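Nothing in this text is a laboratory measurement; each read-out follows from the coordinates by a stated rule. Source: prediction; values computed, not measured. Here the Cβ positions follow ideal geometry from the backbone for every residue, glycine too, while neighbour counts run over all protein chains shown.
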Amino acid sequence: MTTQKTIKVRQIASGCGHLKSQIATLKGLGLGKVNKEKVLLDTPEIRGMVNKVSHLVKIIEE
């Protein structure tokens, strides 16, 4: 049984006033409101999405 790495992401700023693609990326990550947190798999795809909206989210170290 293999354990998959996860990351916890918290939205720290609103998506209002940003590009539609960035708002869509937040929704794709399961976020949408400030201070909402999600635990996601640590995959290259998720990391790319987080990097795209790095000014709106923060990775929480566990």
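Please state which of the following conditions Leu56 fails to meet, knowing it meets all the rest: (1) free of Cβ contacts under 8 Å to residues at least 40 places away in the same chain; (2) in contact with a Gly (Cβ under 7 Å, 6 or more places away or on another chain); (3) not small (Gly, Ala, Ser).
Of everything listed in (1) free of Cβ contacts under 8 Å to residues at least 40 places away in the same chain; (2) in contact with a Gly (Cβ under 7 Å, 6 or more places away or on another chain); (3) not small (Gly, Ala, Ser), Leu56 misses just condition (1).
Filter region 31-62 for residues that are hydrophobic (A, V, I, L, M, F, W, C) and part of a loop (DSSP other than H, G, I, E, B) and give the result.
First pass over region 31-62, keeping only residues hydrophobic (A, V, I, L, M, F, W, C): 31, 34, 39-41, 46, 49-50, 53, 56-57, 59-60.
Result: Leu31, Val34, Val53, Leu56.
From the list Lys8, Lys33, which one is free of Cβ contacts under 8 Å to residues at least 24 places away in the same chain and not polar (S, T, N, Q)?
Lys33
Condition first: under 9 Å from the mean Cα position of the chain (by Cα), without any contact (Cβ under 8 Å) to a residue 12 or more places away in the chain and outside any loop (DSSP other than H, G, I, E, B). Now tell me which residues in region 11-30 satisfy that.
From region 11-30, those under 9 Å from the mean Cα position of the chain (by Cα) are 11, 25-30; that's our starting set.
Checking the rest, the ones that are also without any contact (Cβ under 8 Å) to a residue 12 or more places away in the chain come to 27, 30.
Lys27 - this is the single residue of region 11-30 that is under 9 Å from the mean Cα position of the chain (by Cα), without any contact (Cβ under 8 Å) to a residue 12 or more places away in the chain and outside any loop (DSSP other than H, G, I, E, B).
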